[in-house]
Amino acid sequence: MTSPATAVLSCRVLQDLLEPLLPDEAEVTYLDYGLHTRPVEMAPTLQRHLDALPEPSTVLVGYGLCGNGVVGVESGPHTLVFPRTHDCIGMMLGSQQRYEEEFYAEPGTYYLTRGWLESGDDPLTTYHRYEEDYGTVRAERLIDKIYGSYRRLRVIAFSEEEMERSRQLAAPVAQFCRDRWGMAYDEYLGDPTLLEKLIGAADVDDPDLLVVPPGTTVTQEMFLKDEDLPLRSG
Amino acid sequence: MLEEIRQALIIGDGDRTVALVNDALAAGTDPQVITDDALTAGMREVGELFDRGEYFIPEMLIAADAMEQAMEVLKPLLAADAGEGSGTVVIGTVQGDLHDIGKNLVITMLEGAGFRVIDLGVDVPATRFVDAVREHGPGVVGLGALLTTALARMGETIAALKELDPAPPVMVGGAAVTAEAGERLGADGYAGNAKQAVDLAAHLVAPR
């Protein structure tokens, strides 16, 4: 990087993937992975961390469009580099294109990674948490509303060893989802290419990266291709 | 009584909400008044709690569930007023997206406001929207998407609907959509929450 300073600001869900890619001296901040369920808090939280950087920096951002959660972030004095993808699933599958292929092949896919399994963000753990908070009857109605439309549970890992570990963690979740909703189960070997491009940031002309120059507000359109948001009005 | 129903709904006590609605009906309260002043008003407050970050998805869902249960009691009594044709809304989550929590909340609120709703469900291809419009002649079509990945399909669906003659007004909503995106895709209106969706539907079906 030619920029005077580089910082990394990322969702914690990518931590395991980013760590091996980052230089030792990298200034890295990981944010609460639960922000994706509260998109209205995402932009202000990112903004707070950007504003707190001591000098104008190139900030490698470990977020995608994330349900429009990053819309409204202002680069201020910094240059922001995002992976040009809708969310972390795209980052784990290696490209937005691969994500779209997988997405339309089976839209009803619920993705799980080791990070989510270990942090208890899965349908079974959620059910137990709701059961404690709201009782069994309400918990069942809630999880049916939240997960009832999914048709497949898919575990993503990045090596055979990680898959072995994730498989063990996912087994009771898969059983629960099969019994309750008839969800299929499969495993998918992830592809770190997109994150490698982000951390390398060697080629800012790479169409897989979104570079937001200083003094610019992040918009939804920046993340989308023309065919995603065709101009049909007027 | 209406205040008690509202409170029961806000804390998501479905059984109590239904019991109180039945009490209110037995006492001769107009079902539309119960719907508007207790249930819809309660859900509006739930929406505000959610927007302020005081309620999260489970709390909102539990309250919506209580409203749905109460509406099961009230719907047959309101149905006399629900119109055919322009009083009908065809609604669904666009192809590629299976999320329906927001859509279902909109449906409950629309029904509370007296609309007849044809729910096409989730992952709905453009052709099914077109077929449903031909069959039901709705006053407005509602398209929802949570995933931005499904925006392209939303655009295709709007384009297909706009080729119909007459073309129905189309309203869009859901976390994937912004007001700007809705405009670009050719929608006639964008709603940021369930209450706005009801107001927008009423606006779009009004004779112009």
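Values as computed for the structure displayed
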{"read-out": "Set of lysines near A:Lys145 by C-alpha distance (under 17 Å), chain-local residues within fewer than 8 positions excluded", "value": "B:Lys103"}
{"read-out": "Cα-based reach from A:Lys225 at 20 Å (exclusive), listing aspartates and glutamates while leaving out same-chain residues under 8 positions away", "value": "A:Asp87, A:Glu100, A:Glu101, A:Glu102, A:Asp203, A:Asp205, A:Asp206, A:Asp208, B:Asp97, B:Glu156, B:Glu180, B:Glu183"}
{"read-out": "Average beta-carbon neighbours from other chains, 10 Å sphere, peptide A:134-147", "value": "3"}
{"read-out": "Local electrostatic count, A:Leu17, Cβ distance below 12 Å [Lys/Arg +1, Asp/Glu -1]", "value": "-3"}
{"read-out": "Protection-proxy order for peptides B:114-123, B:168-177, A:52-61, each taking the mean of Cβ atoms within 10 Å per residue, highest first", "value": "B:168-177, B:114-123, A:52-61"}
{"read-out": "Neighbouring partner chain Cβ atoms per residue of B:143-151, average, 10 Å criterion", "value": "5"}
{"read-out": "Sorted by Cβ density within 10 Å, fewest first, the residues B:Phe50, A:Phe82", "value": "B:Phe50, A:Phe82"}
{"read-out": "Set of aspartates and glutamates with alpha-carbon distance to B:Lys75 below 14 Å, sequence-local pairs under 8 removed", "value": "B:Asp30, B:Asp36, B:Glu111"}
{"read-out": "Long-range HN-HN contacts of A:Leu209 with modeled amide H, under 5 Å", "value": "A:Arg84"}
{"read-out": "Local electrostatic count at A:Asp121 - Lys and Arg +1, Asp and Glu -1, tallied over other residues with Cβ under 15 Å", "value": "0"}
{"read-out": "Share, in percent, of DSSP beta bridges within the protein assembly as shown that are antiparallel, nearest 5", "value": "10"}
{"read-out": "Derived scalar couplings ³J(HN,Hα) [the range B:38-48; Karplus, 6.51 cos²θ - 1.76 cosθ + 1.60; whole Hz; x for Gly, Pro]", "value": "9, 6, 4, 4, x, 5, 4, 5, 4, x, 5"}
{"read-out": "J(HN,Hα) series, the range B:23-29, from Karplus relation 6.51 cos²θ - 1.76 cosθ + 1.60, nearest Hz, glycine and proline x", "value": "4, 5, 5, 4, 7, x, 6"}
{"read-out": "Average other protein chain Cβ within 10 Å of Cβ, residues B:180-186", "value": "5"}
{"read-out": "Placed amide H near A:Thr79: partners under 5 Å, 5+ positions off or other chain", "value": "A:Ser57, A:Thr58, A:Val59"}
{"read-out": "Cut-off under 5 Å, modelled amide H: who pairs with A:Ala184 long-range", "value": "A:Arg152, A:Leu153"}
{"read-out": "Charge sum, other residues only, whose C-beta stays under 13 Å from A:Leu112's C-beta, Lys/Arg counted +1 and Asp/Glu -1", "value": "-1"}
{"read-out": "Between the range A:5-43 and the range B:138-184, the Cα center-to-center distance that results, in Å", "value": "33"}
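Quick note: the coordinates plus some simple rules give every number you see, no bench work behind them. Just so it is clear, the structure is predicted and the values come from calculations on it, not from any experiment. Here Cβ is always computed from backbone atoms with ideal geometry, including for glycine, and neighbour counts include all displayed protein chains.
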